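Notes for the one structure printed next.
The values are calculated or read from the model by the stated rules, or taken from the named source; none is laboratory data. This one's a predicted model, so the numbers in the text were calculated from it and none came from an experiment. Please note: Cβ atoms are built from the backbone with ideal geometry, for glycine as well, and neighbour counts cover all protein chains shown.
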Amino acid sequence: MSTTTHHHRKRFIKSDYRMNYLCSQDSFFTPFTKENRSMSPGIDFESSVRQATITYIDVLKRCNPNFDFSSIITKRALTSPSTPAHNDYHDNCKYDYILYTDEVIGTGVPGVVSYGKKQGTRYRVLCLLGQGAFGQVVKCFDEVNKTFVAIKVLKNRPAYYRQAMLEIAVLQVLNEKFDVDGSGHTLRLLDHFVFHNHVCIVTELLSINLYELMKQNNCRALFVQLARSILKQLLEALVILFRNGIIHCDLKPENVLLIDVSRNIKLIDFGSACFENSTLYSYIQSRHYRSPEVILGLPYSSAIDMWSFGCMAAELFVGIPIFPGNSEYNMLFKFINMLGMPPRNLLDKGSKTSKFFRRKRPSEMKNKDDVWAFKSKREFEEDNNIYTEPNREYFTYKTLDDIAMKVAFRVSSSDEPHKLEMRVAFLDFLKRALQWDPEVRMRPDQALQHPFITKTPLPSNYTLPPTTEPLRSFPPGTQLTTEEVLQKIAPNPAAAQKLRTMGYNATTYYQVYADGLSKGIVLNILNSNPFFLQPMTPPALIRINQQEEEKKRRLLEENKGNILYQGIGSSTIQQEVMKNRSLFKEHSKKEEHKKQRRQTGDVFSNKGMETLSPRAEDFLVAQSMKIDQQQATSYAGSNITLPGSTSDGSMAGSWSTQAGMLLPGGTTIGTTGGINPYD
């Protein structure tokens, strides 16, 4: 007897009727059956139908390339939430730009005023790669260069677009000055622009990160050969940063990406990076990779990246973080259990030491250096009026010795006889990377020469080789001043004063900051006005800029001597030189005549010309500055690129002149009018 209820039979009858109708001759749909397949042997109909369904729009475009399908395509929002709320309804309530699939962003989008490093760029949005507190990262197709790229779209808030400009600065100096050929495994910056008040950073598209790789490996240890290759490349990246005074500040497996399916890696996400001469924030680094000096409130340097590196090195063999603390107190608890108590000199200097430690009573001291005791969980909670979660253990390893000697070492059959030697070298490697004192901690260039990386036996009395550059301090007076920066960006006093006092939105801030970068200057991001505080230009960049300026000066002198005095060179070049000289003389006469009229108070020229308005006078000064730039190119023609311009036309020229700075809306710095500050 059937147990089917009346309700189920009713549903079955309805479904059966619907299917019978769809299969009838009167239906708009005739099902594809096995009999049809046998009538057309050799054709995979299922694959064809599946492909036509997935690439439906492409199939329609192939049928009729001239038809506009934009009206029948409903774009899917990639941003969540996707309800418009701010920025002329381009942003959601979190100030994220609402991105849609198949949307085109860039400086070449008709009807959108956008500024960027390159002009006429078009990036078609394909899918969302990730999102966070900073904004979103999307995969895009570059319609100009026909390549796939990754674009980080920052939130439309002052703190985020200012931090984005520092990320652009770090990537740009790495790409153009410190790691030009990419041998340092740093991310390649392709473009940057402002779109609807959002700073967008265009970089190369990479594969999965180390965290995803270990997840795919079921959180097991990687093969030693693969782990060593990854660590070596990461050290090469850290050497580039260390030698040039750059701190990554967020080194972790999620920020180390593989290139395709190869073993090569790239270090990404410089959104938290800073320069050693201008450390910005005290709360940095992801918690599981946070260094002791940051937790204790000590001054930090690039040594914090080596601590994070040591944590990552152990994690590649354990499979999970070795310090998975749920709070900073719990992090110190795990540090002490595995490494012992920190040295007294660190605790004495830490601004947050008293938060986690208490001074011992005389009866508790074992020696003169034994003055600090780590607070118990109850003491910490009572003193700081806070609750902390209990400590949790995720593995049985208690010390670094346990990790190095007991963790599974996956090696090839040829390396099996040397496994114990490799374990000993790995233990020494970890101990030197995870030192409490940053002054004692192993440097990246020293780590590259360690026997574990070079795959050589560890000597019994092994000592680290001397480092090429020790940790540095940057006392006041070793960097550029605000006045020196303004002299380079806006030599005209009126324009400089305007820059000091004007309000900035995302677009104007981007333009001023990018203009400074084109002149080798990294402006300060801690204030809404980039000229309110001293610039952040690292000494390494200042040194390179000085060397390049000296090289240009020598080249000009050589060309001047060869062409003008020795008569070497074509007549065309000599004519260009004479033309530039005559223009310069004419400009000098005009300036001298204008100066005399100002001194005598004569507002009319000898020919009875009317008084020049301030705007007209600024225009004439701007025209004269163009003559100056023509004169300054080179005695050999236009072979030398001026600051602020490139051979391919990107970032063409500076947006500032001595007469003033042209801003969106036609406002000129140095003339009447102003810019509304960002609201």
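Going through region 65-103 one residue at a time, which ones are hydrophobic (A, V, I, L, M, F, W, C) and either modelled with pLDDT of 95 or more or assigned to a loop (DSSP other than H, G, I, E, B) (or both)? Answer for region 65-103, where residues must be hydrophobic (A, V, I, L, M, F, W, C) and either modelled with pLDDT of 95 or more or assigned to a loop (DSSP other than H, G, I, E, B) (or both): 67, 69, 72, 73, 78, 85, 93, 98, 99. Residues considered: 293, 254. Of these, the only one that is surrounded by fewer than 19 Cβ atoms within 10 Å (Cβ to Cβ), of a type outside the set (A, V, I, L, M, F, W, C) and part of a helix (DSSP H, G or I) is 254. For region 315-325, the criterion of being assigned to a helix (DSSP H, G or I), in contact with a His (Cβ under 9 Å, 6 or more places away or on another chain) and crowded, with 23+ Cβ neighbours inside 10 Å is satisfied by at least one residue. So which residues in region 296-307 are small (Gly, Ala, Ser) and either farther than 18 Å from residue 241 by Cα or outside any loop (DSSP other than H, G, I, E, B) (or both)? If the condition is that a residue be small (Gly, Ala, Ser) and either farther than 18 Å from residue 241 by Cα or outside any loop (DSSP other than H, G, I, E, B) (or both), then 297, 303 are the ones that fit.
Let's see how each residue does on (1) at pLDDT below 95; (2) touching a Cys at 6+ places or on another chain (Cβ under 8 Å); (3) surrounded by 14 or more Cβ atoms within 10 Å (Cβ to Cβ); (4) aliphatic (A, V, I, L, M):
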position: 333; (1), (2), (3), (4): no, no, yes, no
position: 342; (1), (2), (3), (4): no, no, yes, no
position: 351; (1), (2), (3), (4): no, no, no, no
position: 361; (1), (2), (3), (4): yes, no, no, no
position: 368; (1), (2), (3), (4): yes, no, no, no
position: 377; (1), (2), (3), (4): no, no, yes, no
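Has region 430-449 got at least one residue that is free of Cβ contacts under 8 Å to residues at least 40 places away in the same chain, touching a Ser or Thr at 6+ places or on another chain (Cβ under 7 Å), under 21 Å from residue 239 (Cα atoms) and not assigned by TED's automatic domain parsing to the domain that holds residue 198? Yes; the residues of region 430-449 include at least one that is free of Cβ contacts under 8 Å to residues at least 40 places away in the same chain, touching a Ser or Thr at 6+ places or on another chain (Cβ under 7 Å), under 21 Å from residue 239 (Cα atoms) and not assigned by TED's automatic domain parsing to the domain that holds residue 198. The requirement of being within 30 Å of residue 534 (Cβ to Cβ) and β-branched (Val, Ile, Thr) is not satisfied by residue 320.
Conditions tested, residue by residue: (1) over 21 Å from residue 300 (Cα atoms); (2) modelled with pLDDT under 95.
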site	(1), (2)
220	yes, yes
227	yes, no
230	yes, no
235	no, no
239	no, no
250	no, no
253	yes, no
256	yes, no
259	yes, yes
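Across region 400-435, which residue is farthest from the chain's Cα centre (by Cα) among those that are modelled with pLDDT of 95 or more and not in a helix (DSSP H, G or I)? Selected residue: 435.
Within region 197-218, the set of residues being out of contact with any helix residue (DSSP H, G or I) (no Cβ under 7 Å at 6 or more places or on another chain), part of a loop (DSSP other than H, G, I, E, B) and either of a type in the set (Val, Ile, Thr) or more than 29 Å from residue 445 (Cα to Cα) (or both) comprises 208, 217, 218. Taken over region 169-191, the criterion of being over 11 Å from the mean Cα position of the chain (by Cα) and assigned to a strand (DSSP E or B) is satisfied by 190, 191.
Looking at residue 433 and the list (1) under 18 Å from residue 453 (Cβ atoms); (2) surrounded by fewer than 16 Cβ atoms within 10 Å (Cβ to Cβ); (3) small (Gly, Ala, Ser), which single condition is not satisfied? All conditions are met except number (2).
Here the condition is being aliphatic (A, V, I, L, M), crowded, with 18+ Cβ neighbours inside 10 Å and not in a loop (DSSP other than H, G, I, E, B); of 59, 138, it holds for 138 alone. Of all positions in region 159-176, at least one carries a residue that is among the aliphatic types (A, V, I, L, M) and closer than 16 Å to residue 97 by Cα.
Just one of 267, 298 is closer than 24 Å to residue 536 by Cα and in contact with a Gly (Cβ under 6 Å, 6 or more places away or on another chain); which is it? Spell out the reasoning first.
Details: 267 fails: in contact with a Gly (Cβ under 6 Å, 6 or more places away or on another chain).
One residue alone meets the criteria, 298.
Residues that are crowded, with 22+ Cβ neighbours inside 10 Å and within 12 Å of residue 173 (Cβ to Cβ) within region 519-540 comprise 521, 522, 536, 537, 538, listed in sequence order. Scanning region 104-125 for residues that are more than 14 Å from residue 193 (Cα to Cα) and modelled with pLDDT of 95 or more gives 124, 125. Of the residues making up region 141-162, those that are surrounded by fewer than 23 Cβ atoms within 10 Å (Cβ to Cβ), of a type in the set (A, V, I, L, M, F, W, C) and touching a residue at least 12 places away in the same chain (Cβ under 8 Å) number 5.
Determine if region 561-568 includes at least one residue that is among the small types (Gly, Ala, Ser), surrounded by fewer than 11 Cβ atoms within 10 Å (Cβ to Cβ) and either farther than 30 Å from residue 246 by Cβ or at pLDDT 80 or above (or both).
Looking for residues that are among the small types (Gly, Ala, Ser), surrounded by fewer than 11 Cβ atoms within 10 Å (Cβ to Cβ) and either farther than 30 Å from residue 246 by Cβ or at pLDDT 80 or above (or both), one finds at least one in region 561-568, hence yes.
The residue of region 232-251 that is farthest from residue 134 (Cα to Cα), among those that are more than 17 Å from the chain's Cα centre (by Cα) and surrounded by fewer than 23 Cβ atoms within 10 Å (Cβ to Cβ), is 232.
Each residue in region 391-429 was checked for being basic (Lys, Arg) and either more than 23 Å from residue 448 (Cα to Cα) or not assigned by TED's automatic domain parsing to the domain that holds residue 462 (or both), and 3 pass. Being free of Cβ contacts under 8 Å to residues at least 40 places away in the same chain and among the basic types (Lys, Arg) is the filter here, so list the residues in region 204-220 that pass it. Across region 204-220, the qualifying residue is only 215.
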